[in-house]
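Take this structure, written in structure tokens, and hold onto it; I'll ask about it next.
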Amino acid sequence: MPLLLLLIALFALKACEGTSFEGYKVYHVTPNTLEQAKILNAYHYEEKFDFWEESHLLGDPSDIMVAPEDQPAFERNLTRNLFDYSIVIDNVERLIQQEKIERSMTRTMLAPGQVTFSSFMRHSEHMAYLRRLAADYPNIATVEKIGESYEGRDILMLKISSGPSETSTPKPGILIDAGIHCREWIAPPVALYIIQQLVQNSANAHMYANVDWYIVPNLNPDGYEFTQSNNRLWRKNRRLTEGAQCIGTDLNRNFGYYWMHAGASQDSCSEIYAGPEAFSEPESQAIRDWVLANGENLQLYLSFHSYGEMMLYPWGYAPELPENHEDLHYVGQLAATAIDQASTINSQYRVNSSAILLYEAAGGSDDWVKAEGKVDLSYCVELPDGDAPFFFMIPARQILPAVRETFEGVKAFHAYIEENFWTNQDVEVDDANPEIH
């Protein structure tokens, strides 16, 4: 790196210093007995232990970030209880600084309303892009403000449609959101790429001819901006609930289906704090209110997260399966296969219910949208981390490969929805010759 550019990058870093993770370590810990699993699970509810990946089976490792002051006691407990463990990141802050340098070097200067997939955009740029598309493509793109964050940022949705159905069959709808966990930066670019490909690539016009799309690219704008300016690893929203000691609620524990049943906390300092009550937060309320008012024809819901390359379907609150679990698995596998085949970053998706493949977590948006929103096909999509040395920090150079491969999965979802909720609904079969349509 040329010296001048390096000095500029370092100056930019100094100007925007925020929360430091100097000395924080990430431990790779494997429980091999039920007693070890119980000990490890207890840490999940302590505020100073951030589980990036949680084991759900004996022999399956967890990745846990631990603050310096807690590391000696943590290591003693692991050793005393005969855990298999290793330190996979010995200083989290070093990696965060490396990412900041890369961001400063790859940052794209955007004209108002433009989009890029070579660097991570700010929330205001996300919103400006949606507004420009609605202005430039009024026949197919409509922007709607579905809510406002605690700090007053707009939560915008872009509807993409060729217009009302001209038959008695209503068009099926697909609802997509991204960024509910704000440190998962790759999620908003995926939503924006889907938007770009639908609106600005005429080769994909058939995808909105018979299917309506409703896309929210950033559901947690306050948290997202906080990760940009202060704490890269922030996960929750930014509201201090009444009586709470710490700021923020995990929005994906705040939805009202089996709220607080499992995998959530009532400790406001926990990363999985579910809020004082279901739907206590303006961001989760925005999705709830829109679905209840407009979701009659929704047939598919996708919520983009990272990381792990998983296609997860309900239920998340418990290791139980919904009645249509075979359909959920089949359709999820169609999308997963399409992504894997298109991947240039070695993505290999797994498909199963959230509680079985990942962990129990009640209050998730996908559970609520399926149960209360009556959307039978509902998924949490855990996106790839590429070759990131730090799980949430997929490099900016891999944004484009990640969004491109994910769009192939979205195409597979679309094909299934169109065939099963549009094409086959309008078919009239000749009883005398059932092969003639």
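Across every pair of different alpha-carbon atoms, what Kirkwood hydrodynamic radius in Å does the range 176-263 reach?
Kirkwood hydrodynamic radius for the range 176-263: 14.9 Å.
On a 1.4 Å probe surface of the protein chains, which of Glu75, Glu93 comes out largest in accessible area, and what is the full order?
Values: Glu75 50, Glu93 20 Å².
The ranking, largest first, comes out as Glu75, Glu93.
Right, here's the next one. Determine the calculated [θ] at 222 nm for the chain from helices alone, applying -39500 (n - 2.57) to every DSSP H run no shorter than 4 residues and normalising by the residue count; nearest 500 deg cm²/dmol. Walk me through the intermediate numbers first.
Details: 12 runs with 150 residues, N = 437.
Estimated from H runs of four or more residues: -11000 deg cm²/dmol.
Now a separate question. Take each of the peptides 251-260, 171-180, average the number of other beta-carbon atoms within 10 Å over its residues, and list them starting from the highest.
Numbers: 251-260: 23.5, 171-180: 25.3.
Taking the mean over residues of other Cβ atoms within 10 Å, the ranking is 171-180, 251-260.
OK, next. Label the range 328-367 by shape, choosing from rounded, prolate and oblate, from the square roots a ≥ b ≥ c of the eigenvalues of the Cα gyration tensor; if a/c is under 1.5 it is rounded, and otherwise prolate applies when a/b is larger than b/c, oblate when it is not. List each step's numbers first, then the result.
Numbers: a/c = 2.71, a/b = 2.01, b/c = 1.35.
Judged from the Cα gyration tensor, the range 328-367 comes out prolate (a/c at least 1.5, a/b above b/c).
Something else about it: Give me the accessible area per residue for the range 300-388, probe 1.4 Å, as a whole number in Å².
Working: 3070 Å² over 89 residues.
Normalised by residue count, the accessible surface of the range 300-388 is 35 Å².
Still on this model: Compute the angle between helix 71-80 and the longest alpha-carbon principal axis of the chain, please, reported from 0 to 90 degrees and rounded to the nearest 10.
The answer is roughly 90 degrees.
Starting from the amide H of Ile176, placed 1.01 Å from N in the peptide plane, find each other amide H under 5 Å away whose residue is 5 or more places distant or on another chain.
Tyr214, Ile215, Val216, Leu302
Please list, ordered by chain and number, the residues whose modelled amide H lies under 5 Å from the amide H of Leu298; skip anything fewer than 5 residues away on the same chain.
Those qualifying (amide H under 5 Å, at least 5 residues apart or on another chain) are Gly173.
Among the aspartates and glutamates, select those whose C-alpha is under 13 Å from the C-alpha of Lys100, and discard any that sit fewer than 8 residues away in the same chain.
Once the sequence-local aspartates and glutamates are set aside, what remains near Lys100 is Glu17.
Sort 153-161, 36-44, 193-201, 358-366 by packing, meaning the average of other beta carbons within 10 Å per residue, with the highest value first. List each step's numbers first, then the result.
Numbers: 153-161: 21.8, 36-44: 16.8, 193-201: 19.6, 358-366: 24.7.
With the highest mean Cβ count within 10 Å placed first, the list reads 358-366, 153-161, 193-201, 36-44.
What is the Cα coordinate range of the chain on the first, second and third principal axes, sorted by size from largest, in whole angstrom?
77, 55, 45
Here's a follow-up. For Asp70 and His325, what does the FRET efficiency come to when R0 = 45 Å and r is the distance between their Cβ atoms, rounded to the nearest 0.05?
Working: r = 40 Å, r/R0 = 0.88.
Taking R0 as 45 Å, the efficiency between Asp70 and His325 is 0.70.
If you don't mind, there's one more thing I want to ask. What whole-number distance in Å separates the alpha-carbon centres of the range 365-392 and the range 203-268?
Using only Cα atoms to place each centre, the spacing works out to 12 Å.
With the Cα gyration tensor of the range 349-418 giving a ≥ b ≥ c as the square roots of its eigenvalues, does the rule (a/c under 1.5 for rounded; else a/b larger than b/c for prolate; else oblate) give rounded, prolate or oblate?
Judged from the Cα gyration tensor, the range 349-418 comes out oblate (a/c at least 1.5, b/c at or above a/b).
Which far-off residues, 5 or more places away or on another chain, put their amide H under 5 Å from the one on Arg350, with H placed in the peptide plane?
Those lying under 5 Å, H to H, from Arg350 are Met310, Met311.
Would you mind classifying the range 241-315 by shape? Square roots of the alpha carbon gyration tensor eigenvalues, ordered a ≥ b ≥ c; an a/c under 1.5 is rounded, otherwise it is prolate if a/b is larger than b/c and oblate if not. Provide the component values of the computation, followed by the final result.
On the way: a/c = 2.21, a/b = 1.40, b/c = 1.58.
Oblate, since a/c reaches 1.5 and b/c is not below a/b.
Listed highest first by mean packing, meaning other Cβ atoms within 10 Å per residue, what order do 337-345, 276-284, 318-326 come in? Walk me through the intermediate numbers first.
Details: 337-345: 17.2, 276-284: 20.6, 318-326: 14.3.
Peptide ranking by packing, descending: 276-284, 337-345, 318-326.
Same structure again: Quick check for me: using +1 on Lys/Arg Cβ and -1 on Asp/Glu Cβ, what's the dipole size of the range 296-357 about its Cα centre, in debye to the nearest 20?
On the way: 1 positive and 7 negative charges, 51 e Å.
Once rounded to the nearest 20, the dipole reads 240 debye.
So for the chain, taking the charge dipole from beta-carbon charges (+1 Lys/Arg, -1 Asp/Glu), which of Ala178, Thr30, Val331 sits furthest toward the positive end?
The residue sitting most towards the positive pole is Ala178.
Nearest 20 debye, what's the magnitude of the dipole of the chain about its Cα centre given +1 on Lys and Arg Cβ and -1 on Asp and Glu Cβ?
On the way: 31 positive and 62 negative charges, 344 e Å.
The calculation lands at about 1660 debye.
Who wins for biggest fluctuation among Cys380, Cys182, Cys246 in a Gaussian network model of the chain, springs between alpha carbons below 10 Å?
Fluctuation is largest for Cys246.
Then there is this: When only the heavy atoms of the protein chains count and the probe is 1.4 Å, how do Arg76, Arg132 rank by accessible area, highest first?
Working: Arg76 140, Arg132 55 Å².
Output order, biggest surface exposure first: Arg76, Arg132.
Over 30 Å between C-alpha atoms is what I'm after, so list which of Lys159/Lys370; Lys48/Lys145; Lys48/Lys159 land there.
Values: Lys159/Lys370 21 Å; Lys48/Lys145 36 Å; Lys48/Lys159 40 Å.
Pairs exceeding 30 Å: Lys48/Lys145; Lys48/Lys159.
Let me ask something else. With axes computed from alpha carbons, what is the tilt in degrees of helix 3-15 against the longest principal axis of the chain, rounded to the nearest 10 within 0 to 90?
90 degrees
The values are calculated or read from the model by the stated rules, or taken from the named source; none is laboratory data. This is a predicted model, so every value here is computed, not measured. Note: ideal-geometry Cβ built from the backbone for every residue, glycine included; neighbour counts use all protein chains shown. Note: areas computed on protein heavy atoms with side chains; ligands, DNA, RNA excluded. Shrake-Rupley method; radii C 1.70, N 1.55, O 1.52, S 1.80 Å.
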